[in-house]
Structures are given as structure tokens and as C-alpha cells.
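Peer 1: Okay, here's the structure, questions in a sec.
The values are calculated or read from the model by the stated rules, or taken from the named source; none is laboratory data. None of the values given here were measured: they were computed from a predicted structure. With ideal geometry, Cβ positions are generated from the backbone for all residues, glycine too; neighbour counts draw on all protein chains shown.
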Ligand code: NCD
């Protein structure tokens with residue numbers, strides 16, 4: 001983290017690589033801007049504050065929502081995007097160009113580089129690459145998922161969604177389920193929840209997919225109360241949110257190994273009725289591949305297909321505006 005600037009209330013030209021850069025005051029600023037973006041969008045009003053800005057979307061791994069929402073967010077603000085999907089196949093990377101050279105090239109065309117890459121630490125390497133250029137101004141790097149590492153902008157929309165429902169990010173009781181070891185959205189979300197007092201998170205996963213010991217200890221050290229559980233029957237009834245995740249198939253070395261742990265915990269109507277509280281919300285970063293039954297989609301507590309997805313665009317709109325210095329906090 002040495003090279004990464006913490007936000008401390010000022011987003012201007014900061015790279016967004018890890019949730020460790022955030023603090024409650026900065027999140028309050030960002031979420032206020034996000035509410036403004038949401039309200040403008042509801043009135044179908046556009047804000048052309050990114051006119052003249054170009055955002056590169058450099059995606060070495062598949063994406064639907066993250067890519068589309070950054071694309072939509074930039075265009076909503078009057079900016080434009082350069083999209084490079086699967087550069088291993090469709091760019092000079094196929095000819096052997098290094099990651100660093102690719103990043104430095106896009107740095108020359110763009111004001112921000114939104115990067116998704118299979119390796120942990122790739123976003124930080126991109127930061128080092130752009131900061132090495134001799135030009136006076138370099139692009140802001142935004143981590144859109146680095147392997148099993150982090151996915152900070154997903155955690156921003158997740159926390160914003162929780163706050164919309166509960167009115168607070170303190171004193172919450174939640175459940176995070178699925179692939180806690182490999183799920184980067186979980187790693188960023190827990191960092192976020194650890195920034196606030198008195199949060200408790202129940203962790204439900206197959207034994208093999210528990211948080212790594214390092215992660216577990218890190219969050220405990222930060223004051224987050226973590227309660228590993230291994231069965232639906234252990235879920236308390238008064239939770240504020242359930243956050244379900246997919247088993248990350250692409251991180252397994254064999255299909256058999258994946259099949260052994262996939263969909264051990266599936267949310268069905270029956271499960272929700274038996275163990276879910278009335279006030280809770282059911283979240284998922286998507287894509288889901290069977291771990292939440294479709295029969296639940298119309299339950300008012302299910303926010304994954306609409307509210308969470310829409311918030312993804314609003315929060316990214318606000319973030320781009322702030323880091324590109326077009327919104328003053
Ligand atoms: C997640 C990701 O890519 O980490 N998707 C997303 O960005 N919403 C979750 C996942 O792939 O399981």
C-alpha cells in the first residue's frame with residue numbers, strides 16, 4: 001500500500017485500488033455525490049461534467065455490470081470511453097506486449113483507466129506504470145477487480161445500497177455467504193464494514209472457501225466482529241442484510257474440485273422464509289449461477305437485480321466526477 005494515497009476527503013486525481021484507501025468521511029462525501037447523481041438520473045437530467053474526458057475500460061477478464069456501468073456512467077456525464085475487452089486476444093498483448101507497455105499506452109490517450117485483470121496486485125502495478133511516465137499528468141487507475149484481491153467499486157455500491165436501506169453503516173448485523181476465500185467483492189466489502197463501529201458479520205461457506213487466515217485476522221484486528229457458521233440453522237433472524245456470492249469457478253484448478261463445493265448453500269423461498277428476517281435485504285454482486293433461486297427475484301427484499309445494479313452506475317458516476325475533479329466535494 002506504500003504508493004497508494006489514502007482519500008482523507010480528497011478524491012482529486014487519486015487512484016482507486018484498495019478499500020484500504022477509504023475512511024468514513026470520504027465515503028460520506030462520495031455517497032452524498034452518489035445521491036445527487038441518483039436524483040438527477042431519476043429526473044432524467046444529465047450532467048455533462050466529463051465532456052472532453054476519455055475513460056479506458058481495459059478488461060482482461062469477463063464483465064457485464066462493472067464494464068457496462070463504467071461505460072454508461074462516463075457517457076451519462078458527457079465523456080467518452082475506449083473499450084479494450086480481452087486484450088490477450090484483440091490487442092498488441094497477443095503479439096507479446098507487456099502489461100506495463102499496454103497500460104502506459106492507454107495512459108497516453110485517457111484520463112482514467114478502469115482495469116480488470118486476473119492477477120492480485122495488477123492494479124497497483126498499473127499505478128506504478130502510469131506514474132513512471134514522464135508526462136506531467138497521468139491517468140487515474142481504477143481497480144475493477146484484480147484476481148481474488150479486491151473490487152473496491154463493487155464494495156462502494158454495496159455499502160451505498162446497505163446505507164439506503166438501514167440509514168447507517170454502524171452497528172449492523174449481516175451475513176456474507178459463498179466463496180469467501182476467492183471472492184474479491186467480499187474482500188473489499190469486509191474492509192468497508194470494518195471502517196465503522198460495532199459491525200458483526202456472520203460468514204457462511206464450505207470449509208474450503210472460508211476467508212484466508214490472514215484476511216480473517218486482518219478484519220478482527222480492525223474491530224469487525226466475525227462469526228463463522230457452517231449451516232443455515234445458525235443464521236440469526238434479525239440480520240440487516242444477506243450478501244450472497246458465487247463460487248469463483250475460474251479460480252479452481254479442476255472441475256471436480258469446483259463441483260464439490262459449488263452450490264452447497266442455495267437461497268430458496270423456503271430458506272428465506274425460515275431464516276430470513278422481514279427487514280433484511282438480500283444482495284448479490286452478480287453474476288449468480290444457481291446460488292439464489294429465481295423464485296425469489298420478486299421478493300421485495302431481493303435488491304440484486306435492480307437497486308444494486310442501478311446503484312453501481314450512480315456510485316461510479318460520482319466516483320469518476322470526484323477523481324477527475326469535475327465534482328467539488
Ligand atoms: C464480481 C466480480 O467480478 O468479482 N462481479 C461483479 O463485478 N459484479 C462477482 C463475481 O464474478 O462473482
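Peer 1: Check residue 288 against each of (1) over 30 Å from residue 10 (Cα atoms); (2) in a helix (DSSP H, G or I) and name the one condition it does not meet.
Peer 2: All conditions pass for residue 288, except number (2).
Peer 1: Shifting gears a bit: Scanning for something farther than 22 Å from residue 16 by Cα, assigned to a strand (DSSP E or B), within 16 Å of the ligand (Cβ to nearest atom) and in contact (Cβ under 8 Å) with a residue 12 or more places away in the chain, does segment 191-203 turn up at least one residue?
Peer 2: Taking every residue of segment 191-203 in turn, none turns out to be farther than 22 Å from residue 16 by Cα, assigned to a strand (DSSP E or B), within 16 Å of the ligand (Cβ to nearest atom) and in contact (Cβ under 8 Å) with a residue 12 or more places away in the chain.
Peer 1: If residue 6 satisfies every condition in (1) more than 16 Å from the ligand (Cβ to nearest atom); (2) crowded, with 19+ Cβ neighbours inside 10 Å but one, which is the exception?
Peer 2: Among (1) more than 16 Å from the ligand (Cβ to nearest atom); (2) crowded, with 19+ Cβ neighbours inside 10 Å, the lone unmet condition for residue 6 is (2).
Peer 1: Does segment 22-40 contain at least one residue that is out of contact with any strand residue (DSSP E or B) (no Cβ under 6 Å at 6 or more places or on another chain), assigned to a loop (DSSP other than H, G, I, E, B) and over 14 Å from residue 314 (Cβ atoms)?
Peer 2: Yes, segment 22-40 contains a residue that is out of contact with any strand residue (DSSP E or B) (no Cβ under 6 Å at 6 or more places or on another chain), assigned to a loop (DSSP other than H, G, I, E, B) and over 14 Å from residue 314 (Cβ atoms).
Peer 1: Another question, then. Considering only segment 60-79, state which residues are near the ligand (Cβ under 10 Å from one of its atoms) and either under 15 Å from residue 143 (Cβ atoms) or in a helix (DSSP H, G or I) (or both). Talk me through it step by step, then tell me what you get.
Peer 2: To start, the set of residues in segment 60-79 that are near the ligand (Cβ under 10 Å from one of its atoms) comprises 61-67, 69.
Listed by number, the residues that qualify are 61, 63, 65, 66, 67, 69.
Peer 1: From the list 141, 114, exactly one residue is within 16 Å of the ligand (Cβ to nearest atom), in contact with a strand residue (DSSP E or B) (Cβ under 6 Å, 6 or more places away or on another chain) and part of a strand (DSSP E or B). Which is it? Walk me through it before giving the result.
Peer 2: Working: 141 fails: within 16 Å of the ligand (Cβ to nearest atom).
Step by step, each of 141, 114 is checked, and only 114 is within 16 Å of the ligand (Cβ to nearest atom), in contact with a strand residue (DSSP E or B) (Cβ under 6 Å, 6 or more places away or on another chain) and part of a strand (DSSP E or B).
Peer 1: Regarding segment 248-263, can at least one residue be identified that is touching a strand residue (DSSP E or B) at 6+ places or on another chain (Cβ under 9 Å), in a loop (DSSP other than H, G, I, E, B) and in contact (Cβ under 8 Å) with a residue 12 or more places away in the chain?
Peer 2: Taking every residue of segment 248-263 in turn, none turns out to be touching a strand residue (DSSP E or B) at 6+ places or on another chain (Cβ under 9 Å), in a loop (DSSP other than H, G, I, E, B) and in contact (Cβ under 8 Å) with a residue 12 or more places away in the chain.
Peer 1: Consider segment 92-111. How many of its residues are assigned to a loop (DSSP other than H, G, I, E, B) and more than 26 Å from residue 313 (Cβ to Cβ)? I'd like the intermediate steps shown before the answer.
Peer 2: Filtering segment 92-111 down to residues assigned to a loop (DSSP other than H, G, I, E, B) leaves 96-98, 110-111.
If we keep only those that are more than 26 Å from residue 313 (Cβ to Cβ) as well, we get 96-98.
The number of residues fulfilling the criteria is 3.
Peer 1: Looking at residue 182, is it within 12 Å of the ligand (Cβ to nearest atom), under 20 Å from residue 34 (Cβ atoms) and in contact with a helix residue (DSSP H, G or I) (Cβ under 8 Å, 6 or more places away or on another chain)?
Peer 2: Here the answer is no, as residue 182 does not meet what is asked.
Peer 1: Given (1) surrounded by fewer than 22 Cβ atoms within 10 Å (Cβ to Cβ); (2) modelled with pLDDT of 95 or more; (3) under 29 Å from residue 183 (Cα atoms); (4) more than 16 Å from the ligand (Cβ to nearest atom), where does residue 100 come up short, assuming only one miss?
Peer 2: In the conditions (1) surrounded by fewer than 22 Cβ atoms within 10 Å (Cβ to Cβ); (2) modelled with pLDDT of 95 or more; (3) under 29 Å from residue 183 (Cα atoms); (4) more than 16 Å from the ligand (Cβ to nearest atom), residue 100 misses (2) alone.
Peer 1: Checking residue 161 against (1) assigned to a helix (DSSP H, G or I); (2) more than 16 Å from the ligand (Cβ to nearest atom); (3) touching a strand residue (DSSP E or B) at 6+ places or on another chain (Cβ under 8 Å), only one condition comes out false. Which one?
Peer 2: Going through the list (1) assigned to a helix (DSSP H, G or I); (2) more than 16 Å from the ligand (Cβ to nearest atom); (3) touching a strand residue (DSSP E or B) at 6+ places or on another chain (Cβ under 8 Å), residue 161 breaks only (2).
Peer 1: Among the residues of segment 42-62, write down those that are farther than 30 Å from residue 99 by Cα and either touching a residue at least 24 places away in the same chain (Cβ under 8 Å) or touching a helix residue (DSSP H, G or I) at 6+ places or on another chain (Cβ under 8 Å) (or both). Talk me through it step by step, then tell me what you get.
Peer 2: Kept after step one, since they are farther than 30 Å from residue 99 by Cα, are these residues of segment 42-62: 42-49.
Hits for segment 42-62 are 46, 47, 48, 49.
Peer 1: Now a separate question. Listed residues 149, 171, 183, 145; which is modelled with pLDDT of 95 or more, closer than 17 Å to residue 63 by Cα and surrounded by fewer than 24 Cβ atoms within 10 Å (Cβ to Cβ)?
Peer 2: That would be 149, the only listed residue that is modelled with pLDDT of 95 or more, closer than 17 Å to residue 63 by Cα and surrounded by fewer than 24 Cβ atoms within 10 Å (Cβ to Cβ).
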